[in-house]
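Engineer: Structure incoming, see below.
The values are calculated or read from the model by the stated rules, or taken from the named source; none is laboratory data. Every value quoted in this text rests on a predicted model; they were computed, and no experiment measured them. Don't worry about glycine lacking a Cβ; one is built from the backbone with ideal geometry, like all the others, and counts go over all protein chains shown. When the accessible area is computed, the model is the full protein with side chains, heavy atoms only, and any ligands, DNA or RNA have been set aside. Shrake-Rupley method; radii C 1.70, N 1.55, O 1.52, S 1.80 Å.
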Amino acid sequence: MRVRQHVNPLKKELQVPLPPPDWGATFADPGAPLLVDVGCGSGRFALAHAARHPGTNVFGLEIRTKLVERAAAWAAAAGVGGRAAFAEANATVSLAALLPTYPGPVTTVAIQFPDPHFKERHRKRRVVQPGMAAAVAGTLARGGRVFLQSDVLEVAESMRATFEAAAGDLLTPAPEHGDPPAGGWPSWPCAGWLAANPLGVPTEREVSAGVTGLPVYRCLLVKR
């Protein structure tokens, strides 16, 4: 199946938030803890996480229609259709409308290897923007986590900095980063990067980076 590698999220039709789904029809147990996989692609990470954590629902958001269709088909074939669901959406503008409507706790939001949009004039297309970061932090359950990772250092730094600026009063680097100094981390870069994926389920890109020896920059945030 041929799929476009890049989609402009600033297109007019992609600036309309996705209407919240009927969560009761989407999941067998709509009150279970929810992991949101932003930019889920074909859904392999989401499906693997659903298989490994049967008490958790997984909701994948992807901007490319064909990948959403493939992920949904794979979920049905794998027998996890009642715990893993996928939707076509621009997560940057949709998360603020979607997450507060979920009837259970939103415990994890994962943003992994997003489109880097290297050119300076295209950086406004990146998925992590201040409004989105604030919405995620505000909706997470207490103790909920935000997992960020990329194999592009500048992208990882940008995501971390955006969350720190927009939601630093609600989030902090997780204990996996080590013990902070007295008074807390003076800035999030002081916490460094994680050597291993704390979610325990690698993405395709993460596996590929490991095979080729590329570094991966990971950050785990937790709601205070």
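Engineer: For W185, W23, W74, what's the largest-to-smallest order of accessible area, 1.4 Å probe? Intermediate results must be reported in sequence, preceding the final value.
Structural biologist: On the way: W185 55, W23 20, W74 85 Å².
Accessible-area ranking of W185, W23, W74, largest first: W74, W185, W23.
Engineer: Another question, then. Which of R52, R145, R64 moves the most in a Gaussian network model of the chain with Cα springs under 10 Å?
Structural biologist: Checking each option, the largest mean-square fluctuation is seen for R52.
Engineer: Shifting gears a bit: Which residues does a label at R52 reach in the stretch 142-157, if reach means a backbone N under 20 Å from a point 7 Å past the Cα toward the Cβ?
Structural biologist: 144-151
Engineer: Follow-up. Using heavy-atom solvent-accessible surface (probe 1.4 Å) with all chains present, what is the largest-first order of K124, K66, K223? It would help to have the intermediate numbers written out before the result.
Structural biologist: Details: K124 135, K66 100, K223 35 Å².
My answer, sorted largest first, is K124, K66, K223.
Engineer: When the chain is treated as a GNM, springs tying every alpha-carbon pair under 10 Å, which of V201, V128, V68 comes out with the largest mean-square fluctuation?
Structural biologist: Greatest mean-square fluctuation among the candidates belongs to V201.
Engineer: Continuing with this model, one more query. Compute the length gained on full extension between E176 and V16: take 0.36 nm times their separation in residues and subtract their Cα-Cα distance, giving the result in nm to one decimal. Intermediate results must be reported in sequence, preceding the final value.
Structural biologist: Numbers: separation 160, 0.36 × 160 = 57.60 nm, distance 3.65 nm.
Contour length minus Cα-Cα distance gives 54.0 nm.
Engineer: Quantify, in whole percent, the carbon and sulfur part of the accessible surface of the stretch 169-224 (1.4 Å probe; protein heavy atoms only).
Structural biologist: Numbers: 1760 of 3030 Å².
Carbon-and-sulfur percentage of accessible area, whole number: 58.
Engineer: Grab the beta carbon distance between T101 and N8, set R0 = 30 Å, and tell me the FRET efficiency rounded to 0.05. Show your work: numbers first, answer last.
Structural biologist: Values: r = 27 Å, r/R0 = 0.90.
After rounding to 0.05, the efficiency reads 0.65.
Engineer: Still on this model: May I ask you to derive the FRET efficiency for D29 and E88 from their Cβ-Cβ distance with R0 = 30 Å, giving the value to the nearest 0.05? Display every interim value, and only then the final one.
Structural biologist: Working: r = 24 Å, r/R0 = 0.79.
So, using R0 = 30 Å, E works out to roughly 0.80.
Engineer: Can you work out the FRET efficiency for the pair V207 and R123, with r the C-beta to C-beta distance and R0 = 22 Å, to the nearest 0.05? All intermediate terms of the calculation are to be shown ahead of the outcome.
Structural biologist: Numbers: r = 27 Å, r/R0 = 1.23.
It comes out at approximately 0.20.
Engineer: What length, rounded to one decimal in nm, is gained on full extension from A161 through to A141, with 0.36 nm per residue of separation minus their alpha-carbon distance?
Structural biologist: On the way: separation 20, 0.36 × 20 = 7.20 nm, distance 2.15 nm.
Between A161 and A141, full extension yields an extra 5.1 nm.
Engineer: For the stretch 31-120, give the percent of accessible area contributed by carbon and sulfur heavy atoms, probe 1.4 Å, rounded to a whole number. If you can, show how the numbers build up before the last one.
Structural biologist: Values: 1860 of 3240 Å².
Answer for the stretch 31-120: carbon and sulfur cover 58 percent of the accessible area.
Engineer: Using a probe radius of 1.4 Å on heavy atoms only, what accessible surface per residue do you get for the stretch 38-88? Whole Å² is fine.
Structural biologist: On the way: 1990 Å² over 51 residues.
That works out to 39 Å² per residue.
Engineer: If you don't mind, there's one more thing I want to ask. On a full-extension model of 0.36 nm per residue, what is the gain between D115 and D169, subtracting their alpha-carbon distance, rounded to one decimal in nm? Present the calculation step by step, with values, prior to reporting the outcome.
Structural biologist: Values: separation 54, 0.36 × 54 = 19.44 nm, distance 2.70 nm.
Difference between extended and current length: 16.7 nm.
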